[in-house]
1. Out of (1) within 14 Å of chain B (Cβ to nearest Cβ); (2) within 23 Å of D:MET108 (Cα to Cα); (3) in contact with a Phe, Trp or Tyr (Cβ under 7 Å, 6 or more places away or on another chain), the odd one out for A:TRP12 is which?
2. Could you list, in sequence order, all residues of the stretch C:121-134 that are open to solvent by 60 Å² or more (accessible area, probe 1.4 Å) and without any contact (Cβ under 8 Å) to a residue 40 or more places away in the chain?
3. I want to confirm something. Restricting to the stretch C:19-30 and keeping residues that are in contact (Cβ under 8 Å) with a residue 24 or more places away in the chain and within 18 Å of D:VAL20 (Cβ to Cβ), which single residue is farthest from the other protein chains (Cβ to nearest Cβ)?
4. Please find, within the stretch D:65-88, the residue that is farthest from the other protein chains (Cβ to nearest Cβ) out of those that are open to solvent by less than 30 Å² (accessible area, probe 1.4 Å) and under 25 Å from A:GLU105 (Cβ atoms).
5. Could you please give the count of residues in the stretch A:62-101 that are part of a strand (DSSP E or B), of a type in the set (S, T, N, Q) and under 28 Å from C:ARG32 (Cβ atoms)?
6. Got a number for residues in the stretch B:89-116 being surrounded by fewer than 16 Cβ atoms within 10 Å (Cβ to Cβ) and at pLDDT below 95?
7. Could you list, in sequence order, the residues of the stretch D:7-20 that are open to solvent by 10 Å² or more (accessible area, probe 1.4 Å) and not in a loop (DSSP other than H, G, I, E, B)?
Number of protein chains: 4
Amino acid sequence: MPLFITRIRVPWVDTDAAGVVHFSNYFRYCERLEEEFLNTIGLPFGSFRHLGIWLPRVHASCRYRWPLRFNQTARLELVNLELGRRHIKYVVAIYNEDEGRLAAECEMVVAAASRERGVAVELPGELVRRIKEYLESGEASPASGV
Amino acid sequence: MPLFITRIRVPWVDTDAAGVVHFSNYFRYCERLEEEFLNTIGLPFGSFRHLGIWLPRVHASCRYRWPLRFNQTARLELVNLELGRRHIKYVVAIYNEDEGRLAAECEMVVAAASRERGVAVELPGELVRRIKEYLESGEASPASGV
Amino acid sequence: MPLFITRIRVPWVDTDAAGVVHFSNYFRYCERLEEEFLNTIGLPFGSFRHLGIWLPRVHASCRYRWPLRFNQTARLELVNLELGRRHIKYVVAIYNEDEGRLAAECEMVVAAASRERGVAVELPGELVRRIKEYLESGEASPASGV
Amino acid sequence: MPLFITRIRVPWVDTDAAGVVHFSNYFRYCERLEEEFLNTIGLPFGSFRHLGIWLPRVHASCRYRWPLRFNQTARLELVNLELGRRHIKYVVAIYNEDEGRLAAECEMVVAAASRERGVAVELPGELVRRIKEYLESGEASPASGV
C-alpha cells in the first residue's frame, strides 16, 4: 500500500522526438511528488529557509521500464520513505496508468544542509515529527493525496 | 550585418513528439544569446545584483517560420539592439543553418528593476556605456562571438 | 468572463536563481491551457495526426507584469479565442492567485499545417465545429475547467 | 585519463530558486556528453532509426557532491564506458571547473531496442565497432572533444 499518491497528465513539452517522456523528466515528477507530499503534511519545501537549512538532493536514480506518452496519466506512488537523522530517501514507482504498466522505479535521497556552511546537518525536528505522524496515521493510504 | 552571433547545436531534450524544437525553447535560445553577449562585453547577467538591480524580462515574442530538428545548428543573430534609459530590446533572428532557412524572428525586452521595491529604474550607467562601446567598435561584426 | 480556466501550482523546477518562474515557462503554461481546453472539448492535441494535419505554433508573445514564485498558484484564463479559417489565436491572462495580481498577458497563435508538405491548410472542420459549440454553450464560464 | 571531455557553460534557465543547477539537469548534461561523443565517432544519436533500432535509457543515476551556479563551466568527463552486447554504460564525472570541485558522479545505461516490438536487441554492429575503434585509438585522451 503506497504511502502517498499523486498523478500527472503528461504535457506535450515533456515529450521528445521519440514520442515519449524524456528520461530526465521522471526526476522532475519525483520532485513534484515530494512537493505535494510536503504540502500535504503542512511543511512545504522551503519551510526551513529561515533556520538556514535547505534540503538538497544528494542522490537520484531511475530504472526505466515502459514509456509514457503525451496526454497519458502518470500515477506516482511513494512506495517507501526512509527517514534518517540527516536524510530522507523517497522510493517512487511511476505507473503508466493508461496502459496499466510500471513505467519506472526511482529513488531520491534528500539531505539537510546548512545554507551557510554547506555541510550536512540533522533534519529539522518538526519535519521528522510531521513525517512520522503522517506515516503512523491512517492518512498514509492509497486514497490520500489522490 | 548582425551585431552578435552565436550558435547552438540542438540537443535531443529540446525536441518534442513532433520531432522539432519546442516553441518555448526559442525563448531560451534568445536568453542564451543575451548571456553570451553580456559575457562578451564583460558584464555578465547578474553583475548588478550588488547594486540591488536586476534585469527581468518585460516582453518576449517569437514568430515561427521553419522548424529546427535534433542535432541541427541554430545560428542566433542579434540583428538589432534598442537601448532605452530603462530597457534593452534585443531583436534576434534564429536560422536553421543546416537547411539555410530563417527559423524564427524573436524580440525580448529587458528592463532594469530595483530588487527591493520591484519598480523600474534606470539601466546601470556602466551597462549602457559598455553596450554603446561594443556597438560603436568594430567588434560588432559577424565574425565576433562565433 | 473567461472562456476557460485552469490552474498550475508552480513547481520548484520552474523557478530560476532570481526566485521566480523563468519567463520561458509562461509559454509552457499557455500550452498547458490549450491542452486542457482541447481535452475538454474532446479533441486532444494530436487528434488530427491521422489526417496528416498538425497544429504548429506560428506566433507567441507574453507581456510580464508580476512574478510567480514557488508553490504559488497560477490561474490561467482564456480571455479570448479568435477562430480563423487557418489559425486559432489564444489570448491568455495569467494571474498570481496568491497575491491577487495579473502576472502576464500572453498570446499564442496556432496554425493548421500539412505534415507532409509543411504548408498551411484549413483547420479541420470537426475542430472548428467543436470550438464553436463550446463557445456558444453555457460551458464557457469561469466555473468550467477549474 | 577520461575517454571524452566536453564543457557546458551553465545557462540561467538551468538554475532554480536555490541559485544552483537543478538536479534533473545533470542528466541532461550526461545526455549532451553522449550526443557529442556519438557525433565525434560519426554515428549521431538517431543513426539507426532506419534499421528500426533506437537507444532508450534503461537506468540513470547521479550522486551530487557540489553545486554548479549560473555562468560557471561544467566539465563533463566520460571516465568509463562499458560496452555490452545489448547496452552501453556511460560513467560520467561532472566538475565545477571554476571552483575545481567534483560536482556529481553519474551513470547512464542505454540499451538497443526494436522500435516496433519494444524489445531489447543487440547493439548495431557498426556502433560497437566505432566505439571500440575510438577507445583503442589515441583519440581517447583528455585533449579530444574539448
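1. It is condition (2) that A:TRP12 fails.
2. Within the stretch C:121-134, C:GLU122, C:ARG129 meet the criteria.
3. C:VAL21
4. Per the stated criteria, the residue is D:LEU81.
5. 2
6. The total comes to 3.
7. Listed by number, the residues that qualify are D:ARG7, D:ARG9, D:TRP12, D:VAL13, D:ASP14.
Residues are listed down the side, and each one gets a yes or a no for (1) without any contact (Cβ under 8 Å) to a residue 60 or more places away in the chain; (2) out of contact with any Phe, Trp or Tyr (no Cβ under 7 Å at 6 or more places or on another chain):
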| position | (1), (2) |
| --- | --- |
| A:GLU34 | no, no |
| A:SER47 | no, yes |
| A:LEU51 | no, yes |
| A:ARG75 | no, no |
| A:ARG86 | yes, yes |
| A:CYS106 | no, no |
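The values are calculated or read from the model by the stated rules, or taken from the named source; none is laboratory data. Because the structure is predicted, anything quoted here is derived from the model rather than measured. Positions of Cβ are generated from backbone atoms using ideal geometry, with glycine treated the same way; all protein chains shown enter the neighbour counts. Only protein heavy atoms, including side chains, enter the accessible area calculation; ligands, DNA and RNA are left aside. Shrake-Rupley method; radii C 1.70, N 1.55, O 1.52, S 1.80 Å.
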